[in-house]
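J.: The structure's right below; bear with me while I get my questions together.
The values are calculated or read from the model by the stated rules, or taken from the named source; none is laboratory data. Here the structure is a predicted model, which means the values were calculated and not measured. Cβ: placed from backbone, ideal geometry, glycine included. Neighbour counts: every protein chain shown.
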Amino acid sequence: MAQTRAETHEIAIVGGGLVGSALAYGLARAGAEVLLLDAGDDSFHASAGNFGLVWVQGKGLGLAEYAALSRRSADLWSGLAAGLAEDSGIDCGYRRTGGTKLALSEEELARFETALKRMHNQAAPGDNDTRIVDRGELMDLAPAIGPAVVGGTYCPHDGFADPLATLAALRRALLRRPKVRIVTGKVTGLSGERGGGFTLSTASQRFRAGTVVLAAGLGNAALAPALGLAAPLRPQRGQILVTERLPRFLDLACHTVRQTGEGTVLLGDSHEDVGFDRGTSQAVARAVVDRAVKTFPCLADARLVRQWGALRVLSPDGFPIYQESERFPGAFLMTCHSGVTLAAVHALELADDLLAGRLAERYPAFSAARFDEAVA
Ligand SMILES: Cc1cc2nc3c(=O)[nH]c(=O)nc-3n(C[C@H](O)[C@H](O)[C@H](O)COP(=O)(O)OP(=O)(O)OC[C@H]3O[C@@H](n4cnc5c(N)ncnc54)[C@H](O)[C@@H]3O)c2cc1C
């Protein structure tokens, strides 16, 4: 490595996906001086390959705090979108349309109902407003549904954003801040210094920072141990297909079909455990298209123009991890499975709490201590 004198920064964030960029934006808004380091190789990059839902319903079964966090984020999303539009001139495409999961059989609808009851029975459900809707009500909400749709769920807090526009807006807003520096480079060396502070290195540069935030998605697993943290994350592939532009037929957010502002339609919601393979398969494409056409028959003749695979970033229980290192105070691990949904809470709430040293006090439910044997 060509050794140069280390640049010094107040806070270094490793990872410029939606999690790292939203946190960087929030920290910079609060006046912090921030270095954002991103590998820039599109290594796993869930942030560029996702479905774009801001989704509250069903979130937090088994962890009421997650339901509440998702709801708070949905409530903050309009503010984030407005702030980013002002700071970057880019529209994130956020719309709070309400969201639905559509059932194609009575059995499926019964499963949705059972899950909903379990959510409502939690001590602090966070989102009480999701309800079962019958086919008649769905016809009003989404008139293009096909005869196979028997009913579904509806949550008024759900919606969607354009993830690429959101990333671009965050990036441009950050570039416009004088106290933010963005560097493209994979962090390969990371250590805590005696007496506090951290050293980070890429192939060509060295940096020092008083605080380090690991927000590198699946890349966190390799980085965390050097700072006394554990990031027991695993990839889960989701495949998404995109149609040509179609006349507007769907305004509502739907977990398997989403029509974008431009008219193209995203089809998805597959879940596969295939390691780090980001490929695609015809079998998944067929299943996704089959369901989409049953749900919205107007898609039957639509031309597919793209298909891709992207990797979700999953903790063992699927909930976020917000953790400060006990061994190296000032080193944080921040990761979650729903980086679009939580972008607003990351930027407008969590960043302030991190700066104020309130992480453990405010987010105890998201500590990695819940996987205690894995914590270094
Ligand atoms: C198919 C699919 C659909 C999804 N749908 C939704 C949805 O509808 N709504 C929702 O809220 N969420 C959804 N998600 C999840 C969402 O995309 C992720 O939660 C979010 O993108 C995670 O962002 P991240 O920044 O943690 O990770 P990433 O986007 O993976 O970004 C991590 C970044 O860190 C960088 N990096 C890694 N290692 C290093 C290193 N050593 N040094 C420097 N940089 C490094 C990478 O280059 C990358 O840019 C979906 C995900 C998938 C895969």
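J.: Here are some residues: Gly195, Gly238, Gly210. Which one is out of contact with any Leu (no Cβ under 9 Å at 6 or more places or on another chain) and part of a strand (DSSP E or B)?
T.: Values: Gly195 fails: part of a strand (DSSP E or B); Gly238 fails: out of contact with any Leu (no Cβ under 9 Å at 6 or more places or on another chain).
Going through Gly195, Gly238, Gly210 in turn, just one is out of contact with any Leu (no Cβ under 9 Å at 6 or more places or on another chain) and part of a strand (DSSP E or B): Gly210.
J.: Give me the pairs, please: first residue somewhere in the range 36-49 and at pLDDT below 90, second residue anywhere and of a type in the set (Phe, Trp, Tyr), beta-carbon distance under 8 Å, and either six or more positions apart or on two chains.
T.: If the second residue must be of a type in the set (Phe, Trp, Tyr), the pairs left are Phe44/Phe276.
J.: Name every residue in the range 70-86 that is touching a Leu at 6+ places or on another chain (Cβ under 7 Å) and over 28 Å from Leu267 (Cβ atoms), in order of residue number.
T.: Leu76, Gly79
J.: Can I ask one more? In the list Ala283, Ala369, Ala344, which residue meets the criterion of being in contact with a Ser or Thr (Cβ under 8 Å, 6 or more places away or on another chain), at negative phi and not hydroxyl-bearing (Ser, Thr, Tyr)?
T.: Numbers: Ala283 fails: in contact with a Ser or Thr (Cβ under 8 Å, 6 or more places away or on another chain); Ala369 fails: in contact with a Ser or Thr (Cβ under 8 Å, 6 or more places away or on another chain).
Every option except Ala344 fails the conditions.
J.: Could you tell me whether the range 226-246 includes any residue that is surrounded by fewer than 16 Cβ atoms within 10 Å (Cβ to Cβ) and closer than 18 Å to Leu141 by Cα?
T.: Checked the range 226-246: no residue is surrounded by fewer than 16 Cβ atoms within 10 Å (Cβ to Cβ) and closer than 18 Å to Leu141 by Cα.
J.: Scanning the range 11-59 for residues that are more than 9 Å from the ligand (Cβ to nearest atom) and under 30 Å from Asn121 (Cβ atoms), which turns out surrounded by the most Cβ atoms within 10 Å (Cβ to Cβ)?
T.: Among them, the one singled out is Gln57.
J.: Considering only residues that are under 22 Å from Arg234 (Cβ atoms) and among the polar types (S, T, N, Q), which ones fall in the range 34-76?
T.: Correct list: Ser43, Ser47, Asn50, Ser70.
Table: residues versus (1) modelled with pLDDT of 95 or more; (2) assigned to a loop (DSSP other than H, G, I, E, B); (3) among the hydrophobic types (A, V, I, L, M, F, W, C).
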position: Gly263; (1), (2), (3): yes, yes, no
position: Ala285; (1), (2), (3): yes, no, yes
position: Lys294; (1), (2), (3): yes, no, no
position: Asp301; (1), (2), (3): yes, yes, no
position: Leu311; (1), (2), (3): yes, no, yes
position: Tyr322; (1), (2), (3): yes, no, no
position: Leu333; (1), (2), (3): yes, no, yes
position: Thr341; (1), (2), (3): yes, yes, no
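J.: Hand me the list of strands (runs of 3 or more DSSP E) wholly inside the range 96-155 holding 1 or more residues that are free of Cβ contacts under 8 Å to residues at least 24 places away in the same chain and either farther than 17 Å from Trp55 by Cβ or out of contact with any Leu (no Cβ under 9 Å at 6 or more places or on another chain) (or both). Spell out the reasoning first.
T.: Details: elements: 99-103, 131-134, 151-155.
The strands (runs of 3 or more DSSP E) meeting that bar are 131-134.
J.: Give me the pairs, please: first residue somewhere in the range 204-230 and farther than 21 Å from Arg181 by Cα, second residue anywhere and within 13 Å of the ligand (Cβ to nearest atom) and assigned to a helix (DSSP H, G or I), beta-carbon distance under 7 Å, and either six or more positions apart or on two chains.
T.: From residues that are farther than 21 Å from Arg181 by Cα, the pairs are Ala230/Ala224.
J.: Follow-up. If I ask for residues that are on the phi > 0 side of the Ramachandran plot and without any contact (Cβ under 8 Å) to a residue 40 or more places away in the chain, which ones from the range 307-341 would you list?
T.: To start, the set of residues in the range 307-341 that are on the phi > 0 side of the Ramachandran plot comprises 318, 330.
Correct list: Gly318 only.
J.: Just checking, which of Gln323, Gln307, Gln259, Gln282 is under 30 Å from Ala32 (Cα atoms) and more than 11 Å from the ligand (Cβ to nearest atom)? Break it down stepwise before answering.
T.: Working: Gln307 fails: under 30 Å from Ala32 (Cα atoms); Gln259 fails: under 30 Å from Ala32 (Cα atoms); Gln282 fails: under 30 Å from Ala32 (Cα atoms).
The match here is Gln323.
J.: Can I ask one more? Just need a number here: residues in the range 249-296 that are under 19 Å from the mean Cα position of the chain (by Cα), surrounded by fewer than 21 Cβ atoms within 10 Å (Cβ to Cβ) and within 29 Å of Ile90 (Cβ to Cβ).
T.: Of the residues in that region, 5 qualify.
J.: Here's a follow-up. Assuming Glu193 fulfils every condition listed in (1) within 17 Å of Ala12 (Cα to Cα); (2) touching a residue at least 24 places away in the same chain (Cβ under 8 Å); (3) of a type in the set (Asp, Glu) apart from one, which condition is it?
T.: Failed condition: (2).
J.: Does Leu116 satisfy the criteria of being of a type outside the set (Phe, Trp, Tyr), more than 27 Å from Leu246 (Cα to Cα), within 16 Å of the ligand (Cβ to nearest atom) and surrounded by 19 or more Cβ atoms within 10 Å (Cβ to Cβ)? First the steps, then the outcome.
T.: Working: of a type outside the set (Phe, Trp, Tyr): yes; more than 27 Å from Leu246 (Cα to Cα): yes; within 16 Å of the ligand (Cβ to nearest atom): no; surrounded by 19 or more Cβ atoms within 10 Å (Cβ to Cβ): yes.
No.
J.: Determine, yes or no, whether Ala310 is among the aliphatic types (A, V, I, L, M) and within 17 Å of the chain's Cα centre (by Cα). Even if it seems obvious, please write down each step before you answer.
T.: Values: among the aliphatic types (A, V, I, L, M): yes; within 17 Å of the chain's Cα centre (by Cα): yes.
Here the answer is yes, as Ala310 does meet what is asked.
J.: Another question, then. Filter the range 208-218 for residues that are within 26 Å of Pro320 (Cβ to Cβ) and either surrounded by fewer than 21 Cβ atoms within 10 Å (Cβ to Cβ) or of a type outside the set (Ser, Thr, Tyr) (or both) and give the result. Talk me through it step by step, then tell me what you get.
T.: Taking the range 208-218 first, the residues within 26 Å of Pro320 (Cβ to Cβ) are 209-218.
Those that are within 26 Å of Pro320 (Cβ to Cβ) and either surrounded by fewer than 21 Cβ atoms within 10 Å (Cβ to Cβ) or of a type outside the set (Ser, Thr, Tyr) (or both): Ala209, Gly210, Val212, Val213, Leu214, Ala215, Ala216, Gly217, Leu218.
J.: Still on this structure, I have one more. If we keep just the residues of the range 297-306 that are charged (D, E, K, R) and touching a residue at least 12 places away in the same chain (Cβ under 8 Å), which is surrounded by the most Cβ atoms within 10 Å (Cβ to Cβ)? Lay out the reasoning, then the answer.
T.: Initial filter on the range 297-306 (charged (D, E, K, R)): 301, 303, 306.
Remaining after also requiring touching a residue at least 12 places away in the same chain (Cβ under 8 Å): 303, 306.
Values: Arg303: 8, Arg306: 12.
Per the criteria, the residue is Arg306.
J.: If you don't mind, another one. Here's a check for you: in the range 339-358, which residue that is surrounded by fewer than 24 Cβ atoms within 10 Å (Cβ to Cβ) and in contact with a Leu (Cβ under 8 Å, 6 or more places away or on another chain) is farthest from Leu69 (Cα to Cα)?
T.: Just the residues of the range 339-358 that are surrounded by fewer than 24 Cβ atoms within 10 Å (Cβ to Cβ), to begin with: 348-349, 352-353, 355-358.
Adding the requirement that they be in contact with a Leu (Cβ under 8 Å, 6 or more places away or on another chain) leaves 348-349, 353, 355.
On the way: Leu348: 12, Glu349: 10, Asp353: 14, Leu355: 19 Å.
Per the criteria, the residue is Leu355.
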